[in-house]
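The values are calculated or read from the model by the stated rules, or taken from the named source; none is laboratory data. Since the model is a prediction, treat every value here as computed from it, not as a measurement. Here the Cβ is made from the backbone with ideal geometry for all residues, glycine too, and neighbour counts use every protein chain on show.
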Number of protein chains: 2
Amino acid sequence: MTETTETRVERKERTRRAILDATLVLCEESSLVALSLRQVAKQVGIVPTAFYRHFESIESLGLALVDESFVSLRAMLRDVRRHDPTYRDIVDQSVDTLVSHVRKERQHFQFIVRERAAGPLAVRAAIRHQIELSERELATDLARLPGTDTWSPEDLQVLSSLIVTAMVATAEDILVAVGRPDAEKAVAERARTQLRMVIIGALNWRSES
Amino acid sequence: MTETTETRVERKERTRRAILDATLVLCEESSLVALSLRQVAKQVGIVPTAFYRHFESIESLGLALVDESFVSLRAMLRDVRRHDPTYRDIVDQSVDTLVSHVRKERQHFQFIVRERAAGPLAVRAAIRHQIELSERELATDLARLPGTDTWSPEDLQVLSSLIVTAMVATAEDILVAVGRPDAEKAVAERARTQLRMVIIGALNWRSES
DNA sequence: AGTTTGAGTGTACGTATGTACACCCAAAGC
DNA sequence: GCTTTGGGTGTACATACGTACACTCAAACT
């Protein structure tokens, strides 16, 4: 018998976490907009009305999950940045990091990918905003790389938007392929090739326009 | 008084259409998985049980809408193909065609974009399959263009997947920007730049690997 | 003309939904 | 020690849900 007398805030935090986790589980095969407060409560093991002690609506629950998801996503981006930027290796590193993070944070990625297109309006807006922030971060990173000296800020932004789009699509494909190692490898290989194509296009860009 | 005595199949087809249209309207601010048969019936103006005369479930309704949506999408792709392939103009043509088709078939695009990520399993699978077909079609088109003679079929497939991904993302952005002409222009301009970057990358590809 | 067919109706059910309200009781604060 | 606070409970209700079943009635078939 582990007699851990919990403090009040600890207990509250624990059920809050349980609600977030339960929602991620339930969202694996549905979506926030098709999720009822009662389903969540049942999954958590609390009575429906207790839900309101933590969130005022499913929508605000969703916003909390968006914040949480992007915390781990930013951790991933920091991982990518930590490695030194040799042009060839940066691609392998980035894709590998993406694959492993999607696997580790499967539920969060799935949540983001799904609610980005189908969630409540405020949730969709929040995700769009976060992705836009990521694009800007990537743009400033790209600006530090050799060969981008002559680029305009606008073109850098456009390029990073293209890269983020491709990586989001790759994350989606990994989620579909998860559990089938050969399919996962194929997705990763394709992502690497696409990134290289984009980089080559970028390196030859200014000389063209 | 227009006394058009309808034939029986005409009448059936008319309510079937009404159901499809009503669903597209209701899906504009929600999703198939959050849609009830009764909502659809009410919107159409029939009694709930009458729904079953046309579809056996919301899911099969969704599959019908997927088919329908991709008919118009393929019409768009035919439009793109009709124009002669000068490398510079092909980009402008394609993006313009995309923008105008998304505007004209707004509901269908919105439906596809949303249900692709959040719809019932079978619907998601159907959409993935259709997009994969589009990628392959694009790949065979690309193979006919000058400069791709030395390409492997795999690389062509990878390239067209990248292009389709970018165009899907562009369609999403147009849907968000719709009604704000300046935002629409910005999205179109960005899509053009991205397509050019990709093409430049592609043209310099074989010499790299 | 008489019969069959089938889209659409109306009623009826068990179940799930969001939320209001009064309640409990242990940790927190005095 | 007594009071306050607040997470969690239980009951209750109006509403919405999917679907079963028995029905109508005009077009279609014979």
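Taking residue B:102 as meeting all but one of (1) under 27 Å from residue B:167 (Cα atoms); (2) within 16 Å of DNA strand C (Cβ to nearest atom), write down the number of the exception.
(2)
For residues in region A:54-66 being within 29 Å of residue B:28 (Cα to Cα) and touching a residue at least 40 places away in the same chain (Cβ under 8 Å), which is surrounded by the most Cβ atoms within 10 Å (Cβ to Cβ)?
Looking at the filtered set, the residue picked out is A:62.
If I filter region B:42-55 for residues that are away from DNA strand C (no atom under 12 Å from the Cβ) and either in a helix (DSSP H, G or I) or within 14 Å of chain A (Cβ to nearest Cβ) (or both), do I get at least one hit?
yes
Can you tell me which of A:115, A:28 is under 29 Å from residue B:173 (Cα atoms), away from DNA strand D (no atom under 16 Å from the Cβ) and more than 14 Å from the chain's Cα centre (by Cα)?
Only one candidate qualifies: A:28.
Starting from region B:150-178, take each residue that is more than 9 Å from every other protein chain (Cβ to nearest Cβ) and list its partners that are outside any helix (DSSP H, G or I), counting only C-beta distances under 6 angstrom and pairs at least six apart or across chains.
Here the result reads B:150/B:206, each pair linking region B:150-178 to a residue that is outside any helix (DSSP H, G or I).
Of all residues in region A:85-124 being under 21 Å from residue B:26 (Cβ atoms) and surrounded by fewer than 15 Cβ atoms within 10 Å (Cβ to Cβ), which is nearest to the other protein chains (Cβ to nearest Cβ)?
Selected residue: A:121.
Just one of B:149, B:141 is surrounded by 14 or more Cβ atoms within 10 Å (Cβ to Cβ) and not hydrophobic (A, V, I, L, M, F, W, C); which is it?
Of B:149, B:141, the one residue that is surrounded by 14 or more Cβ atoms within 10 Å (Cβ to Cβ) and not hydrophobic (A, V, I, L, M, F, W, C) is B:141.
Testing residue A:39 on (1) more than 16 Å from DNA strand D (Cβ to nearest atom); (2) within 14 Å of another protein chain (Cβ to nearest Cβ); (3) at pLDDT 95 or above, one condition comes back false. Which one is that?
(1)
Could you list, in sequence order, the residues of region A:1-36 that are surrounded by fewer than 16 Cβ atoms within 10 Å (Cβ to Cβ), within 14 Å of chain B (Cβ to nearest Cβ) and within 13 Å of DNA strand C (Cβ to nearest atom)?
Within region A:1-36, just A:36 meets the criteria.
Pairs please, first residue from region B:30-53 and touching a residue at least 24 places away in the same chain (Cβ under 8 Å), second anywhere and away from DNA strand C (no atom under 13 Å from the Cβ) and of a type in the set (Asp, Glu), Cβ atoms under 9 Å, 6+ apart in sequence or on different chains.
Here the result reads B:31/B:115; B:32/B:59; B:32/B:115; B:33/B:115; B:44/B:21, each pair linking region B:30-53 to a residue that is away from DNA strand C (no atom under 13 Å from the Cβ) and of a type in the set (Asp, Glu).
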